[in-house]
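The values are calculated or read from the model by the stated rules, or taken from the named source; none is laboratory data. Note that this is a predicted model, so its numbers are computed, not measured. As a convention, Cβ positions derive from the backbone with ideal geometry for all residues, glycine included, and neighbour counts pool all protein chains shown. Note: areas computed on protein heavy atoms with side chains; ligands, DNA, RNA excluded. Shrake-Rupley method; radii C 1.70, N 1.55, O 1.52, S 1.80 Å.
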Protein chains: 2
Amino acid sequence: MAVGLQDFPSIPEIKGVKIGFAEAGIKKPNKKDVVIFELCEGAAVVGVFTQNAFCAAPVRVCQKHLLGSDIRYLLINTGNANAGTGKQGMENALLTCQEFARSAGVAAESVLPFSTGVIGEPLPVAKILAALPTALSSLEGDNWKAAGLGIMTTDTLPKGSVRTFEFDGRRYTVAGISKGAGMIRPNMATMLGYVFSDIALDKALLQQMLSSVVNKSFNRITVDSDTSTNDSCIAVATGAAGNDLVTDINSPLAQAFLAAFTEVMQELAHAIVRDGEGATKFVTVEVKGAKLESDATKVAFEVAHSPLVKTALFASDPNWGRILAVVGRAGVEALDVDKVQLHINGFEIARDGCRSPDYLEEHGQEAMASEEIQIQIDLGAGDSSDTVWTTDFSHEYVTINADYRT
Amino acid sequence: MAVGLQDFPSIPEIKGVKIGFAEAGIKKPNKKDVVIFELCEGAAVVGVFTQNAFCAAPVRVCQKHLLGSDIRYLLINTGNANAGTGKQGMENALLTCQEFARSAGVAAESVLPFSTGVIGEPLPVAKILAALPTALSSLEGDNWKAAGLGIMTTDTLPKGSVRTFEFDGRRYTVAGISKGAGMIRPNMATMLGYVFSDIALDKALLQQMLSSVVNKSFNRITVDSDTSTNDSCIAVATGAAGNDLVTDINSPLAQAFLAAFTEVMQELAHAIVRDGEGATKFVTVEVKGAKLESDATKVAFEVAHSPLVKTALFASDPNWGRILAVVGRAGVEALDVDKVQLHINGFEIARDGCRSPDYLEEHGQEAMASEEIQIQIDLGAGDSSDTVWTTDFSHEYVTINADYRT
């Protein structure tokens, strides 16, 4: 029951990227559960990862391998997160890289491993290794939708996004896929996002752009406030478009790329929310008029996490008092509640900290009936703002998460 | 569907306290929705209140009136919270006190008002005032259960607790009532708790005891992480027992009272969790081995708030990986995940940060099948600890909160 999620887009080949997949039977038979990306030599590859201290073994291996310079493969499995698995988990992640690297004829350090699924159970290494020849033999430039399907867990639909732009007579593509529906409150990245471009762009600059854009996309979405152990977001610039290497963020080409990259990252992040577990609403929480940006971020996330706000959204109930109650407990220093204003889908609901004199219950009901909800909170204290995207909280969420493992 | 909640206890009269009630029809007909407590002259009355910046008008009036010395009445209504109501809300709270004080023949500042119910709608002052003569005429010493019923909103059962103790040949009673089932993550107090004793005890000492005990009772429970706008907890020592005024916290009588007072406060706090909205489990989250007590508190609350942990508890699913994932994201500085241990109802689940070598799925299932769940987390970093009590997250919670207003 995804909310307003578009069909998987038609993504063209990106020079320097090939995609393979296989059915390893890790958790379920007849499901694509292994995906590989093959990258051309010299591609700039950067990543951001979960801040969860219980980060998964593959996350640690990725961080180590990214210190080297030549990443040639991304190897992704679903059905098992290889997190909370201790030393054996690290050994399994490394072993998978080694065996895969041997088949592909590259160094083990050229492989980035990713896992997603149940936490705490041993990685079924043998099943994954047995599926790798099939994955390698299926490498093609246009397997994007298969990759989107192959990285899904509780997602109901594959998620992709693409932008193209021209610059100086040359055509560039930025495209990516993402997955995630529960345990979604990324901190530095989501579980999982991959964005590719054929642009030639300096690795350090790409890292800088990724770290910045992630704070306006994946790091601003939340489904259930639970930060995953496996969140990973990878950006790749293959350089196959043939342009001169971009090194200056202020150059027109860098800015054109950044615009397309931001759109792709936001679309992929929003897709995760739209397909959030049990989602029936897509909710934008915008907080403005804050003294500090951190105040705006804090209030937006507290509203987005409140079970009472989320159940009211599910019920399409204009129970706006719950929103004010969250604003009041969010921990904003010296908050003057008498200056707080609240709009929902353009209707003024509260002014000067209490119900607007013009408010009519019909307005609230009309605003809340939509599948797309825009909550705007003005703290009346300054010029800072931030925006977070989330879902409502439905029976379906409880059903999905009460049944997930069994 | 309250979990293991005892029947309302038989509470004896406490000298110096009389209780009245009425049906004002604030939200529903034929429901006790106004409760008053009459206190003898000279009773020590202290309180702690919500830290929510959007605190309700009655909370502000209470705080003001408690600065005076002679509180004679507590006046409580349900069905309307008088919060998020701005200036008009303050005027309504004060007006109610004034009119009630006139009928009772005391000063308006001798009345403490409390409101609980829907946020953001005007207090129906006329209905409340019309019910006050009935409430005043019903004043008796043994109306405890009626009071427990009269302060309920989404609670399914009234909540009371009583302890008696003897000291130096004199018998003392400590008793109280509480309410609350949703919007429960008190910060300084819960919505609502009232504890009474006939002991003669210095007001400043009583305040000190209340502030301390609330941090081991009401401030350590959470149903849904939402701090109410109206949380209030009041302690009254009438002095009618006739003992010499207790002023020294180290005196044997002070310690005997403190022990009984703590038990009553904890029982009332636990009763709120046991009757938490949609609760099917009563869950104790104990975190030990922390370097700082604040680390233990933080981890315990994060586990207690996690929707993924709460839905796994509802499903009786030993999905313990979700608990480790929360420990990892809780923000404990320099957490060494390889030292983390986890027990559930006595079974060792995780050791050294991953699944215990002795763990069997049957153990996990047996542990999670119980209605009473004890989650013990050892961070292996020090000697500090803290305990939080909470519930699971069920379909019923969504139903209750999606339907509450309509």
Checklist entry - Residue-wise, which Karplus ³J(HN,Hα) couplings in Hz belong to region A:76-91, taking 6.51 cos²θ - 1.76 cosθ + 1.60, θ = phi - 60°, and x for glycine or proline? => result 10, 10, 10, x, 7, 8, 6, 10, x, 10, x, 4, 4, x, 5, 4
Checklist entry - For helix B:203-214, what angle does its Cα long axis make with the longest principal axis of chain B, in degrees from 0 to 90 and rounded to 10? => result 30 degrees
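Taking the highest mean first, how do the peptides B:161-169, A:394-402, A:169-177, B:316-324 order by number of other beta carbon atoms within 10 angstrom per residue?
Top to bottom by mean Cβ count within 10 Å: B:316-324, A:394-402, A:169-177, B:161-169.
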Next on the checklist: What's the magnitude of the charge dipole for the protein assembly as shown around its Cα centre, counting Lys and Arg as +1 and Asp and Glu as -1 at the beta-carbon? Answer in Debye, nearest 20.
Outcome noted: 80 debye
Checklist outcome for this item: The set of residues whose placed amide H lies less than 5 Å from the amide H of B:Gln374, leaving out same-chain residues fewer than 5 positions away, is B:Thr284, B:Asn345
Checklist entry - Once the Cα gyration tensor of region A:17-274 is found, what semi-axes does its equivalent ellipsoid get, as square roots of 5 times the eigenvalues, in whole Å, sorted largest first? => result 27, 20, 17
Checklist entry - Let a ≥ b ≥ c be the square roots of the eigenvalues of the Cα gyration tensor of region B:237-296; is it rounded (a/c under 1.5), or, if not, prolate (a/b larger than b/c) or oblate? => result oblate
Checklist outcome for this item: Expressed as a percent, the accessible surface of region A:240-294 that is carbon or sulfur, using a 1.4 Å probe and the full set of protein chains, is 51 percent
Checklist entry - Between A:Gly141 and residues 5 or more places away or on another chain, which pairs have amide H atoms under 5 Å apart, with H built 1.01 Å from N, and which residues are they? => result A:Ile19
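Just to be sure I understand: of the beta bridges DSSP finds with both ends in region A:282-403, what percent are antiparallel, rounded to 5?
70 percent
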Item to check | List B:Cys62, B:Cys40, ordered by accessible area with a 1.4 Å probe, largest first | outcome: B:Cys40, B:Cys62
Checklist entry - Rounded to a whole number, what % of the accessible area of region B:47-110 do carbon and sulfur atoms account for, probe 1.4 Å? => result 50 percent
Checklist outcome for this item: Ranking A:Ser294, A:Leu112, A:Gln88 by how far each Cα lies towards the positive end of the charge dipole of chain A (+1 on Lys and Arg Cβ, -1 on Asp and Glu Cβ), the top one is A:Gln88
Checklist outcome for this item: Among beta bridges assigned by DSSP with both residues in region B:17-274, the antiparallel ones amount in percent, to the nearest 5, to 70 percent
Checklist entry - Ranked from the most accessible area to the least, with a 1.4 Å probe and all protein chains present, what is the order of A:Lys145, B:Lys281? => result A:Lys145, B:Lys281
Checklist entry - Shortest first and in nm to one decimal, what separations exist between B:Gln51 and its copies in the other chains, measuring from label points 7 Å along the Cα-to-beta-carbon line? => result 2.0
Checklist entry - To the nearest 10 Å², what's B:Lys291's accessible area with a 1.4 Å probe? => result 150 Å²
Next on the checklist: Rounded to two decimal places and with Rh computed the Kirkwood way over Cα pairs, what is Rg over Rh for region A:1-111?
Outcome noted: 0.99
Checklist entry - How much net charge surrounds A:Glu91 when only other residues with a Cβ under 13 Å from its Cβ are counted (Lys, Arg +1; Asp, Glu -1)? => result +1
Checklist entry - For chain A, what is the mean residue ellipticity at 222 nm derived from helices alone (per DSSP H run of n ≥ 4: -39500 (n - 2.57); sum divided by total residues; nearest 500 deg cm²/dmol)? => result -10000 deg cm²/dmol
Checklist entry - By its C-alpha gyration tensor, with a ≥ b ≥ c as the square roots of the eigenvalues, how is region B:83-132 shaped: rounded for a/c under 1.5, else prolate for a/b larger than b/c, else oblate? => result prolate
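Which whole number gives the average count of other chain Cβ atoms within 10 Å of the Cβ atoms across peptide B:389-399?
4
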Item to check | Three-way shape label, region B:134-241, alpha-carbon gyration tensor, a/c 1.5 | outcome: oblate
Next on the checklist: Restricted to Cα positions, what overall size does region B:282-403 have along the principal axes? Three whole-Å values, descending.
Outcome noted: 44, 31, 20
Item to check | Per residue accessible area of chain A, 1.4 Å probe, in Å² | outcome: 35 Å²
Checklist entry - Along region B:40-55, what does the Karplus equation 6.51 cos²θ - 1.76 cosθ + 1.60 (θ = phi - 60°) give for ³J(HN,Hα), rounded to whole Hz, x for Gly and Pro? => result 5, 4, x, 5, 7, 10, 9, x, 10, 9, 3, 9, 5, 4, 7, 5
Checklist entry - Peptides B:2-15, A:214-227: what's the order by average Cβ count within 10 Å, highest mean first? => result A:214-227, B:2-15
Checklist outcome for this item: Of the residues B:Ala315, B:Gln207, B:Leu39, the Cα lying farthest along the dipole of chain B towards its positive end, which is defined by charges on the beta carbon of Lys, Arg, Asp and Glu, belongs to B:Leu39
Item to check | Convex hull per residue volume in Å³, alpha carbons only, for region B:56-181 | outcome: 130 Å³
Checklist outcome for this item: For region B:206-322 the translational diffusion coefficient, Stokes-Einstein from a Kirkwood Rh over Cα pairs at 25 °C and viscosity 0.890 mPa s, in µm²/s, is roughly 147 µm²/s
Next on the checklist: At a probe of 1.4 Å, how much accessible area disappears from chains B and A on forming the pair, both sides counted, to the nearest 100 Å²?
Outcome noted: 4500 Å²
Checklist entry - So which residues of region B:337-356 lose at least 40 Å² of accessible area, probe 1.4 Å, when you go from the chain by itself to every protein chain present? => result B:Val337, B:Cys354, B:Arg355
Checklist entry - If B:Thr311, B:Thr297 are ordered by their accessible area, calculated over protein heavy atoms with a 1.4 Å probe, which sequence runs from highest to lowest? => result B:Thr297, B:Thr311
Checklist outcome for this item: In order over region A:13-21: 3J(HN,Hα) from phi, Karplus 6.51/-1.76/1.60, θ = phi - 60°, whole Hz, x for each Gly or Pro, gives 4, 10, 4, x, 10, 10, 10, x, 7
Checklist entry - Between copies, how close do the A:Thr164 label points come, placed 7 Å along Cα→Cβ, listed in nm from shortest? => result 8.7
Checklist entry - What share of the DSSP beta bridges in region B:51-136 is antiparallel, in percent to the nearest 5? => result 10 percent
Checklist outcome for this item: About its Cα centre, chain B carries a charge dipole, from +1 on Lys and Arg Cβ atoms and -1 on Asp and Glu Cβ atoms, whose size in debye to the nearest 20 is 1260 debye
Checklist outcome for this item: Computed curve, the protein assembly as shown, Cα-only Debye sum without solvent term, log₁₀ I(q)/I(0) at 0.05 Å⁻¹, is -0.30
Item to check | Exam field: B:Asp336 pseudo-label spacings to other copies (7 Å along Cα-Cβ), nanometres | outcome: 5.0
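In peptide A:116-124, how many Cβ atoms from other protein chains are near each Cβ within 10 Å, on average? Working shown, then result.
On the way: counts 0, 0, 3, 8, 13, 2, 2, 0, 0.
Partner-chain Cβ atoms within 10 Å, mean over residues of A:116-124: 3.
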Checklist entry - Counting other Cβ atoms within 10 Å, which GluC sites (Glu not before Pro) in region B:240-333 have at most 10 and lie in a DSSP loop? => result B:Glu333
